[in-house]
Each structure stands twice: as structure tokens, then as C-alpha cells.
Amino acid sequence: MMGLDIAYGSPLSKSNPPHYAVVIIDDRGRVVYETSDAPLKRVVRLVWEYKVKRIGLDNVFELAPSPRSVAKLLSLLPDDIEIYQVTLDEGSFVHIREQASKIGITLTSKPRPLQTAYVCALLALNRIGTPVRAVEHRTKIIVARARSVGAGGSSANRYARGMRSAILRAVRAIKKALDEASINYDLVFRKGRGGLDSAVFIVYAPRSALQSIVKPFHGSDVRIVIRPEYRSILLLDESPKTRKNFVFVGIDPGVETGLAVIDLSLRPLLIKSAKDLDRASILDLIYSVGIPVLIATDKNPPPDAVKKLASTLGVPLYVPPKSLSVAEKEQLIEWLRRRSKLDIKINTTHERDALAAAIKAYKLYERKFVEIEQRAKELGLDIDLDELKLLLIKGKSVGEVLEQAVENYINEVLYSYGESEQHIVKLCSSRAAVDDRVKALEKRLEELTRERDHLKEQVAELKKRVEELEFELRYKPQMPFDETVYRDRVVSELREKVRQLQGYIESIDAERSELRKVVARFEELLKSLARGDLVVVPRLNMLTLSELQRIDIDAEAVLLEREYIDINAVPVVKNHNIVILLTNCTEEFKNQLLSMGIPIYCGVEVVERLDTVALLTREKLRESIELARKQLQHFMESKKREHRRELSLEDLIKIVEEYRESIRKSQLVGQDHG
């Protein structure tokens, strides 16, 4: 058994990750290992090394900050391990002192991390607390070689063929078993000569559903590994939660706050009113029943509290054209009763106002919701209607939503798997690429803004808590020494969290500022493209056939990033009369291309580089192309002049002297004969 407690650090911090106090005991409670400082990676290693069967800790989120990340961490541990949150009993938090008393241990003061880890290990040994397990999303069945084939040679090839054949047989057997059990799965494999090198079944079922169908195996040729993939965690005294719906939220703020939540199918999920509901409590209530996509109020102008809530959530705020009257609110609620055929009870006027606001907002989208449901039914698409309705709320038309739904359905059903191992990368139009990038950046900017606002609220709450604790420490009468130490520690931890959160907010603000600059830059580029001031030129890393094949071969010019030429690509460039542009190049490289008859211009000015294209001003591009072709023409003419070599003055003098000498000799010969 293993007990854990954080010694220092926090799972929320990357700069100060958590380190744990670890105690491992045997079945009799005797300590076999302990340390007061172990990072998470060592904790995982110790679990496997000591074959730990049960882990106890006072808060499961000391391992990781969210259920999903805790679930991912659990996938690193053995399948049969049990995790106990020892301070959770029948759904209620119980102090570790009370839990320790159940096994005869008395804690008179706040225990140190190592002591807490020991107590947690003993509590886990006695199965005190609430077990935590991971909720499986899907299961992977991996079929692979059992051993390496070693160095090359005829024997190695024979062994490899034998293992490929064994893997193929195992895959066929698993496929047949899954098909007979009617279990949904996808299969991805890598072919080899004589069989398969490896294969992975992605099974959309929990590990428990495969117990009697497929079992792990390790033979001489093939091994079968079954690995569950976790997506969340579940306390075993809770029932699994279904996927939360998208919801409309109506709110009536005041001394007593009214809150009403309805889903996108007009089902009331929560109608409540209470005094002194702060924003954090309201958020907890909303997220307990669904994911908010719109906040509604019955007043115009809207109260500040409602505007702040919508801003915090990052969702639209619905405000009626004018404040709703009492008669209008009663009519809206009566309409909901008739429509849903439910006996909806309203206890206070605040609940009435909040529910009426949510219904009024729903009626704004009702026609589109009904239309999208009918159209999806006519097409026979098996899709989540709430996802389609969410797109309508975000401003898309019914036609656009249906087109996207059909596209997603086609991609999921026809092309999810079975694609060839070599994916074909297509060059998209530059304007669309820039537009998509701008949208992605704007989406990231919105996420960062929402996250920053949420963190600011947390910082404010923590500051308030620190002030309360400091006030208590300052004015409370003489306290026992151990309680003072405990309060000092809590205040110190809260201050550290505040410091970390403030630093995180500053980094988010900096990133947000940079993103704003990038978005502004791309918006200007889009405008220039639309006006025709900028033109698109394909980018090539090197001048090779493979690089040319992925661009528009009819392009008038290309931007080359490196001085490299594949001789096989030269005929293609010459045949299509493509001009080569570079931001800078050596004279040797320039002359090399000119001698091949390829126009080249060095020193081109690039406005912006994207993944596969570059943006240049239309005027500069035209000027560069003309200069490149003129340079090629001058180069070729100079080469022709070199072949027609002209006689120099020295050559003429030499020829004349040779002629005179030949005449003189002929005269002498004539005199001798006379």
C-alpha cells in the first residue's frame, strides 16, 4: 500500500510542480519505503517497482488539476491498482483526524506531509474512504512483434516473415471475435512482406467488455497488449454522469437571486432562488446541470451583475427589446407548461423572472431549432442536434450548419480510417489559408480572454480569503501554538497561489497582446489581397521535382529559399518559363542558373511568408520578373559575343609581318634562279 501527500509545489504550476511525501507499507502495516521528496515521475516508478495494489491520499486532485488529467495519469499505472480518497466518506468530506481515529491513531495537531502519507497508507490498507476509478473512453488492442529480428541475413528475413504471418493471423482472429460480439472498432495496420508488421484496434468499449473476447498474450512471435484509454475519473459512490447539455440560463439578480436553466430542447433543468448567491456559486449551479451558451435577463437595460456573468462565461447576453411585464412573464411560463406538458412549479417571483427570461431567449431561436431538427431528420443523419443548434446560436445559417453537418458525417463515416499511409497534402488558396489562420488566432484570443477573467476572479477570492485569515490572526485571542502554525501555513500557501495566478495572468496578457498584433497584421494582409495590392507566389524550399509537383506549375514565378538545384527539375522550369526569385544569393549560384537558361532575380522583397506561399507586392513582383528576364537576355548575348572572337591590334601586326616575310622569301628564290 502507498500513501501520498504533497510536500511542496502545486499540480497547477509548471514552474513549481508538486513533490510528494511517499510511504509504502506491507500488508501488516510495516513501512518498507519512505521519502519526503519525490516528483510525480518517481511516484509512478515506485508503484511499479513495489507492485503497489492500493494508493491512499487525502485529495485525488493533488495528483493532477482536473478529472481528465487525473484519468490520463491513472493510465500510466497498473490496471488493477485501487486509488482511495481517504477523506471522502459517503459523499461528504471528513477531516483526516476523524478518519485516523477509526484505526486508532490520534492526531493532536496538523500532521507533517510524511505523517499524512503514512496515515493515508494505513487508511487505504483498511479500505477507509472512497475508491476512485478512471472512466474508460475506449480501449486499444495492440498486436506487434514479440521480439526483434536482429541483424540482416536470410535467417532474419525468415524470422521476420514468420512474425508478420503470425501477426496477420492474430489480427484476423481478433477481428472475427469483435465482429461476432458486435463491438464497434477501427483498425489501423502497417503492411509488410508476407503479412503485417503491426496493427492497432481502437475499440469503442471499456476494457471490461473485452474480458471474455480478447486476452493479452505474449508468445514467441507475437504479443497482444490491451490498453484502456481513460477520459475522466469517477468516485465509486457516484453514478456515471452523462454528457452535459448546452443550456440557456435566465437570471434575476438581487438580494435574492433567481436562476433558471433550460436545455436547447426546452426542458427545464434547474429553477432555483436563494439569498446571497455569489458569482462562483451561480457558476457551480449552472455547470452542475449543463454548459451555458447564452445568458438571458428580463430587464432592459440589463443589470451589471448579469453583464459580468455573461462576460465571465464568454457567452452572448440576451436582452429583450423592453423590460418584460408581469403579464408577459406569466404568458411565457404558461406557454412552456403547454409545450412541455410539465407541471412547472414557481415558488418565488425571482424564479418566475429568471425562467421567463430564458424562455424569451429560446423563442428567439425556436424557428431555426425546429427547422434544423426537421432537415436533419429528413437527411437521416445520426448527429448530435445540440451541436447543430449551438452553431445556430453562434450566428450560422441553417444551410451552413447542414452543410457542415453533412461534411462531418461524410468525413467520419467514409474517411475516418482506410486512408493510405501516405497522405496527400494539397496547396490551399493563400487567401483561404490566411483567413483560417486569422480565425484560429481570434478563437485562441477569445479563450485566453475568458481564462484570464476567470483567473482574475480566483485571485480576488484568494486575496479576500487571505485578508480574512490575517484579520483572524491579528485579533483573535491567544490561540494554541499548533493552530497558529497551521494558519500561517495556509496564509503562506494562499499568498503563493495568488502570486502564481498573478504571474499566469501577466503571461496570458502578454500572449494576448502578441496575438492581437498578429491578428491585426493578417487582417491588413487580407485587405491588401482583396484590393489586389498583394499577389501570391509559391514557396519552394529547394528546386526539385518533388517540390515543383506540389505547386501550381503554371506559376509565373516561385520564391526559392535555399540555393539547391536538382538537375531533373531544370527542364520543367525552362518549359514553363518560370522565373526563380530569391531574397539573396551568391553570384556563383546566379550564374549557374543563367547558364542553364533559367531567369533568376536576387534581392526580391517579401511582404509575408506563409507555410507554402509568400506574399509580394504586385509592382515589385512585376519589376523583379522583368529584371530577371533582361539579365538572362544580356547573359546569353554576352556568351554569343565570346564565341565570335574579334582580332586584336597585335594579331593584325603579326599577320602583316608574316605576309611580308613570305614575299621577301619568294623574291630571293627568284634571284637565285636568274
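What whole-number distance in Å separates the alpha-carbon centres of the range 511-576 and the range 1-59? Their Cα centres are 54 Å away from one another. Kirkwood Rh over alpha-carbon pairs of the range 2-128, then Stokes-Einstein at 20 °C and 1.002 mPa s: what D in µm² s⁻¹, rounded to an integer? Reported coefficient: 147 µm²/s.
DSSP assigns beta bridges within the range 2-128; of those with both partners inside it, close to 65 percent run antiparallel. In vacuo Debye scattering of the range 534-643, one point per C-alpha: log10 I(q)/I(0) at q = 0.20, 0.23 Å⁻¹? Log-scaled intensity ratios, in q order: -1.05, -1.39.
Close amide H pairs (under 5 Å, H built 1.01 Å from N) link Ile81 with no residue at least 5 positions away or on another chain. Rounded to the nearest whole Hz, the Karplus-based 3J(HN,Hα) values (6.51 cos²θ - 1.76 cosθ + 1.60, θ = phi - 60°) of the range 499-505 follow the sequence 4, 5, 5, 5, x, 5, 5, with x at glycine and proline. The ranking of Thr612, Thr617 by Cβ neighbour count inside 10 Å, starting from the fewest, reads Thr617, Thr612.
Counted by neighbouring Cβ atoms within 10 Å, the residues Leu269, Leu560, Leu4 run from fewest to most as Leu269, Leu560, Leu4. Computed on the Cα atoms alone, the convex hull of the range 586-631 gives a volume of 86 cubic angstrom per residue.
Pairs exceeding 30 Å between alpha-carbon atoms, taken from Lys175/Lys377; Lys53/Lys215; Lys360/Lys497: Lys175/Lys377; Lys360/Lys497.
Here the extension length gained between Ser182 and Arg28 equals 50.8 nm, from 0.36 nm per residue of separation less the Cα-Cα distance. Among rounded, prolate and oblate, which fits the range 532-591 when a ≥ b ≥ c are the square roots of the eigenvalues of its C-alpha gyration tensor, a/c under 1.5 means rounded, and a/b larger than b/c means prolate? Oblate, because a/c is 1.5 or more while a/b does not exceed b/c. In the structure shown, the pairs Lys72/Lys176; Lys345/Lys463; Lys272/Lys463; Lys394/Lys527 are assessed against 32 Å; a Cα-Cα span above that value is assigned to Lys345/Lys463. Using the alpha-carbon positions of the range 247-377, Rg (one decimal) and Dmax (whole number) come out as 13.9, 46 Å. Computed extension length for Glu373-Leu107: 89.7 nm, one decimal, from 0.36 nm per residue of separation with the Cα-Cα distance subtracted. With neighbour counts taken as other beta-carbon atoms within 10 Å, the residues Phe369, Phe93, Phe635 rank, fewest first, as Phe93, Phe635, Phe369.
Using each residue's phi in the range 575-582, evaluate 6.51 cos²θ - 1.76 cosθ + 1.60 at θ = phi - 60° and report the 3J(HN,Hα) Karplus result to the nearest Hz, with x for Gly and Pro. Working through the residues one at a time gives 4, 9, 6, 8, 8, 9, 10, 9 Hz. Check Leu269: other-chain or 5+ apart residues with amide H under 5 Å from its amide H, H built from backbone geometry? Distant-sequence amide H within range of Leu269: Val261, Ile262, Asp263. Remark: the Glu90-Lys322 segment gains 78.7 nm on full extension, using 0.36 nm per residue and subtracting the alpha carbon distance.
Read the figures in this text as sums done on the coordinates, not as results from a lab. Quick caveat: nothing in here was measured; it's all calculated off a predicted structure. Please note: Cβ atoms are built from the backbone with ideal geometry, for glycine as well, and neighbour counts cover all protein chains shown.
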